[in-house]
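Read through the structure below, which is laid out as structure tokens, and then see the notes.
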Amino acid sequence: MERLPEFRLARPASYAEAAALLAGEPAARLVAGGTDLVPNLRRGIERPPLLVDLGAVAGRAEMDFDAAGLRLGAGVTLARLAADARIAAGWTALAEAARSAAGPGHRSVATLGGNLCLDTRCVFYNQSEWWRQANGGCLKRGGDTCHVAPQGQRCHAAFSGDLAPALIVLGAEAELLSARGTRRLPLADCYRDDGAAALAFERDEVLTAVRLPPPAPGASGYRKARVRGSMDFPLAGVACALALRDGALAALQLALTGTQSRPLRLAGTEALLGAPFDEGARAALGKLVQKQVSPMRTTATPSNYRRLVAAVQAQRLVAELCAAAQAGA
């Protein structure tokens, strides 16, 4: 990796100030924990003229529990999410996803907002500057061809954040702030299926918080496959929230990460409701996953391997959660 490029640094005291800085400099970048952005700066992937450091923003790391559910400031660290007993009890998938991200040192500084806004990744993109130049760049940065799909017209870099699928199945909403005011939208709507521009935010919008409804009956969880068991991005990650009634599935939500350019909410799970999760339902779920995930050659592992792993992870997780829900009934 190279030295950091030159940039100006601003430390706003509020999200409103941060949004104003983004509006004034379209090429500016926000930085919180920096665990994703700083390596990209040192690889020469990013060269922003202005970094907007959110570390001094008032209230950025608040966690509010009340009758309406849970409000998490975007600056809450993954370590706090992983360690909080209330989150582990009520929103288990979120705690497990936070616990699985990176390593302990990363989690102590990496933030909720940073993980949700993680840059998409690809073996043709996350390389040193000289490596990328030797390869003619790529559609995401410095070139006009996606080396994953050379005949295509869009970037296939994969979204690899751990928290997004967990929050999606738990019904989370994002809070966004700009000079025009604030808005809330379902977390799944924050993403586009385009590796070069995966976030569906306006350029001057700042993610300020995430809201979760009160814990629902049933069980939730998150599992992922990765190259290194102790610290790595997901090759395929699966989050699930479900409920049982008289031994049959009464509710079932799944979302995946690492398989395409945005988190994927699995469609068609309603067909499995009203019956136990038996071998037939297990096979049907595997087919649903394999039909909808579309991993490409963005990692060092084969695409079909990641498709099969995603299906198996989903099947195992649903089976585990059904057992947990029955035990807790």
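The values are calculated or read from the model by the stated rules, or taken from the named source; none is laboratory data. These figures come from a predicted structure and were not determined experimentally. We place every Cβ from the backbone using ideal geometry, glycine too, and count neighbours over all the protein chains shown. Only protein heavy atoms, including side chains, enter the accessible area calculation; ligands, DNA and RNA are left aside. Shrake-Rupley method; radii C 1.70, N 1.55, O 1.52, S 1.80 Å.
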>> Of everything in the range 214-233, what is modelled with pLDDT under 95 and charged (D, E, K, R)? Give them in sequence order.
In response: R226, R228, D232
> So R262 clears everything in (1) of a type in the set (D, E, K, R); (2) surrounded by 15 or more Cβ atoms within 10 Å (Cβ to Cβ); (3) closer than 30 Å to R184 by Cα; (4) out of contact with any Phe, Trp or Tyr (no Cβ under 9 Å at 6 or more places or on another chain) except one condition, right? Which one?
Replying inline: (4)
>> Among the residues of the range 24-34, are any open to solvent by 60 Å² or more (accessible area, probe 1.4 Å), more than 17 Å from L118 (Cα to Cα), touching a residue at least 40 places away in the same chain (Cβ under 8 Å) and not in a loop (DSSP other than H, G, I, E, B)?
In response: no
> How many residues does the range 173-200 contain that are open to solvent by 40 Å² or more (accessible area, probe 1.4 Å) and not charged (D, E, K, R)?
Replying inline: 5
> Taking interchain pairs and intrachain pairs at least six residues apart, which have beta carbon atoms under 7 angstrom, with the first residue in the range 227-254 and within 22 Å of A157 (Cα to Cα) and the second of a type in the set (D, E, K, R) and part of a loop (DSSP other than H, G, I, E, B)?
Replying inline: D232/R226; F233/R226; P234/D162; P234/R226; L235/R226; G237/D162
>> Looking for something charged (D, E, K, R) and either closer than 25 Å to G218 by Cα or in a loop (DSSP other than H, G, I, E, B) (or both) - is there at least one such residue anywhere in the range 303-316?
In response: yes
> Can you name the strands (runs of 3 or more DSSP E) wholly within the range 197-248 that have at least 1 residues being touching a Phe, Trp or Tyr at 6+ places or on another chain (Cβ under 6 Å)?
Replying inline: 206-212, 236-245
>> What are the pairs with Cβ atoms under 6 angstrom where one residue, in the range 183-199, is under 22 Å from A16 (Cα atoms) and in contact (Cβ under 8 Å) with a residue 24 or more places away in the chain and the other, located anywhere, is charged (D, E, K, R) and part of a strand (DSSP E or B)? Sequence gap at least six, or different chains.
In response: R184/E173; R184/E175
> Looking at L167, L185, L177, which one is in a helix (DSSP H, G or I), modelled with pLDDT of 95 or more and under 23 Å from the mean Cα position of the chain (by Cα)?
Replying inline: L167
>> Checking the conditions here, which among A28, A88 is in contact with a Pro (Cβ under 7 Å, 6 or more places away or on another chain), on the phi < 0 side of the Ramachandran plot, modelled with pLDDT of 95 or more and among the small types (G, A, S)?
In response: A28
